[in-house]
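Notes follow the structure.
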Amino acid sequence: MDYQTQQIEAKWKSRWQETGAHRANKDSGKPKYYCLDMFPYPSGNGLHVGHWRGYTISDVWSRYKRMHGFEILHPMGWDAFGLPAENYAIQHGVHPRISTAENVANFKRQLEEIGAMYDWDREINTTDPEFYRWTQYFFVKMFERGLAYRKKMPINWCPSCKTGLANEEVVDGKCDRCGSDVTKKEMYQWMLKITAYADRLLDDLDKLDWPEHVKRMQRAWIGRSEGAHIRFKVAGRDEEIEVFSTRPDTIYGATYMVLAPEHPLVQAITTDAERATVETYVEEALRKSNIERQVVDKTKTGVFTGAYVEHPLVNRKLPVYVADYVLMDYGTGAIMAVPAHDERDYEFATQFGLEIIPVVQPVDGPVEGLYTGDGVLINSESLNGLKVAEAKRAAIELLEKRGQAEATVNYRLRDWVFARQRYWGEPIPIIHCEHCGPVAVPVEQLPVRLPEVERYEPTGTGESPLAAIPEFVNTTCPKCHAPAKRETDTMPQWAGSSWYFLRYADPNNAEAPFSKEAVDYWLPVDMYIGGVEHAVLHLLYSRFYTKFIYDLGLITFDEPFSRLFTQGMMTLNGAKMSKSKGNVVNPDDIIRDYGVDALRMYEMFVGPPEDEAEWNTNGLEGVARFLQRVFRLVQANATSTVPERESLTKLRHRFVAALTERMEGFRFNTAVSAFMEYVNALSTEAKQGLDRATLETLTMTLAPFAPHLGEELWEMLGHKRSVFEETWPTFEEKWLKDDELEIAVQVNGRVRAKMVIAAEASQDEAIAAAKALPDMQEWLQGKEVVKQIYVKGRLVNLVVKG
Ligand code: ANZ
Ligand code: ZN
């Protein structure tokens, strides 16, 4: 019989389904292992082989762990709310529910193909009311604790999508979805107070087994800066300008002040003479995005307000400017400018001819122009001679005594704008009452279901399409029962994915988001696998939710993902695989031609899993041929009864050792090479027959990579139960050492001595060793060696004359 991939793969898929082989059972008595893929957004394009890389890694790992005695939770689901389905609805008039269901069906079919051990009984879908009921529930809990609040603030506004955008959806000042320039719009927004968790989100990174670069990105996103708030009195007026500075030590070098164009004091302090110029400038600045404003090498712009502040420590007046390089949403939206030691200030001061006073110099002497390094203080009265770190403390103390400053910590992290003016999302479960203000929908009334609408288009007024449905909007206040109106904003796409990993533990629970027992057993996630593009937001939001749910007392851990692995992208001809680039390889075609096991094995072979890898169909063919070879090798020897030879024992132990080490190190590409080397060696040995231990080891270890073939060969070897019920083979150290052998040393064909040499010794080494033996000297003395023979591993024969 030939290796029929289609037949074999279909056979084992249905066998697994019949036996419920992938059902995760928390009562198995085994230790658990939760291996999770970042769940996909089911787009209309289907999956390509690049997507499969991560899914294959996680499945190989899950199966490998299962063979180490763990009860595996390896679930899959759909992150299905969001803009693409809604934009599709707008264009084609198809309800997002319908297009989403179609896409899910296609994704599921493709994911079933891969032969992954997904427990489909636990499938979840963020758009299922039974799921989003609990997404709404957590919102209510946050609202009750003051962590969900409403705030009027300028939001990023996409004029084309007609919706507010979170900062992370603005890329280079453009809408991440449609590419239009993003503007600002003042609106009431639901916000989540993620900043209340900033320190915990930062500190707890230390306890995670995550790639260092991901931790670094999270730290940078949280952006903790220690510094001070310092207040400067406006000359001739009552107002004070408060600044945030990380360099209070440079206070004596402050030569001017800058307000962000949005700063509330701009209006008040601008003098009549400057008013027209300032107003024009502010108007222009408001049209720019934060990103444009922060471009480092752009020429600095700004205007003088006509106002001055008083320096708190010396008798000096500092002119106050408005400039767009100062952002309103960082610190206090105002700075003391120290051009000698801050690059942006230096550029600005040079351009506007403002004074530059150096106050820090390197230990080894003064420098010209801008200096941002460490050093000692100069031109700073009582601070002179102090090092920067000491001077920071001393300056704060000095100013604190005068009531003009206090130490503070500032974060780059902003509260999370948790609202979209769009249809396809979880309705925010709030009712607005004239008398009671915003009131949460009582938990027992959840879910607030998304109603049917006729038009999906955002209204463009800033309101969601839900606002146009009176039956949805008009309701009564849960507190005072007066007529009231429902919130019509929906949640951002990140909402469901911020806690979905908890739901898999207990996906059908109708009384609670999950039961404590289920979550206590399965969570936290032991291994989380996905793309590095989620390094910051999804992972940060999930960590925030987990900490919040921990604070609610519902779980006993406060980090969701103990270990994280981010797989590299798959490219084709050097470009990222994507439908829009027209360079996708569809797994359906590959499976038809080569089988899914070859595809899986190739996905693992293609390169170090964390690195980008280039798809190459020749490589895939090589792997497919390799699997055929394994099939024939096992088939030809399946009923063999030869005992294991020492050479095979040694090969086997060495193979298991190498393979296991590479698996543990997540070096799956070299793990596949270990198979190839082993099978090469076995092909040579096969002439003398292969024993069972050899065949079983090969089959068992191959199974996580090529599960259908693994099962088939295991059955061929006479086993009734699944190969995944077996335990991963072990190895003994003693077989890893290079062997030594005792061989005979002959002179003219008669044994004259024995010697021990390395089994791998070369002919020259063996002969040299033989000639050097003390026992040989009497036989060689005065003789001429005319011929010397080494029979590997058996004997040395020296033919002598004279
Ligand atoms: C005086 C000073 C002197 C500063 C010096 C720096 C160097 P990080 O580290 O990112 O927190 N700053 C404060 N608020 C700002 C805003 N809204 N827009 C633009 N810049 C702002 O940076 C903190 C520093 O960035 C602050 O410290 C402030 O300039 C500036 F030699 O104050 B510094
Ligand atoms: Zn009320």
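The values are calculated or read from the model by the stated rules, or taken from the named source; none is laboratory data. The model shown is predicted, which means the values in this text are computed figures rather than measured ones. We place every Cβ from the backbone using ideal geometry, glycine too, and count neighbours over all the protein chains shown. Quick note on the areas: whole protein, heavy atoms, side chains included, nothing else; ligands and nucleic acids left out. Shrake-Rupley method; radii C 1.70, N 1.55, O 1.52, S 1.80 Å.
Values computed for the structure shown
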{"read-out": "Scattering profile of region 513-556 at q = 0.21, 0.31 Å⁻¹ [log10 I(q)/I(0), Debye over alpha-carbon scatterers]", "value": "-0.80, -1.12"}
{"read-out": "Residue-normalised accessible area of region 224-411, expressed per residue, 1.4 Å probe, Å²", "value": "47"}
{"read-out": "Value of [θ]222 nm, deg cm²/dmol, for the chain, DSSP H segments ≥ 4, -39500 (n - 2.57) each, nearest 500", "value": "-11000 deg cm²/dmol"}
{"read-out": "In degrees, nearest ten, helix 212-222 long axis to first principal axis of the chain (Cα)", "value": "10"}
{"read-out": "The chain - percent of accessible surface contributed by carbon and sulfur, probe 1.4 Å", "value": "48"}
{"read-out": "Out-of-range pairs (alpha-carbon distance over 26 Å; input K162/K576; K687/K792; K26/K108; K26/K65; K30/K734)", "value": "K162/K576; K30/K734"}
{"read-out": "Rh by Kirkwood over Cα pairs, then Stokes-Einstein D for the chain at 0.692 mPa s and 37 °C, µm²/s", "value": "103"}
{"read-out": "Nearest-ten-degree value, helix 707-716 long axis tilted from longest Cα axis of the chain", "value": "20"}
{"read-out": "Hits among aspartates and glutamates - C-alpha to C-alpha of K317 under 13 Å, sequence gap 8 or more where chains match", "value": "E355"}
{"read-out": "Nearest-0.05 FRET efficiency for I98 and A235, computed from C-beta distance (R0 51 Å)", "value": "0.20"}
{"read-out": "Surface accessible to a 1.4 Å probe, per residue, for the residues of region 587-735, Å²", "value": "40"}
{"read-out": "Heavy atoms of E725: accessible area, 1.4 Å probe, square angstrom to 10", "value": "90"}
{"read-out": "Cα-projected label distance for E212 with D374, points at 7 Å along beta-carbon direction, nm", "value": "2.0"}
{"read-out": "Cα long-axis angle, helix 96-113 against the chain (0 to 90 degrees, to the nearest 10)", "value": "20"}
{"read-out": "E400/K152 FRET efficiency (R0 35 Å; Cβ-Cβ; nearest 0.05)", "value": "0.60"}
{"read-out": "Calculated from backbone phi, Karplus (6.51, -1.76, 1.60) coupling profile of region 732-740 in Hz, x at Gly/Pro", "value": "10, 3, 4, 7, 8, 6, 5, 7, 10"}
{"read-out": "Cα-Cα P(r), region 224-411, percent of pairs per 10 Å interval", "value": "10, 38, 37, 14, 1"}
{"read-out": "Violating pairs (Cα-Cα greater than 20 angstrom) within the set K516/K547; K32/K720; K152/K298", "value": "K32/K720; K152/K298"}
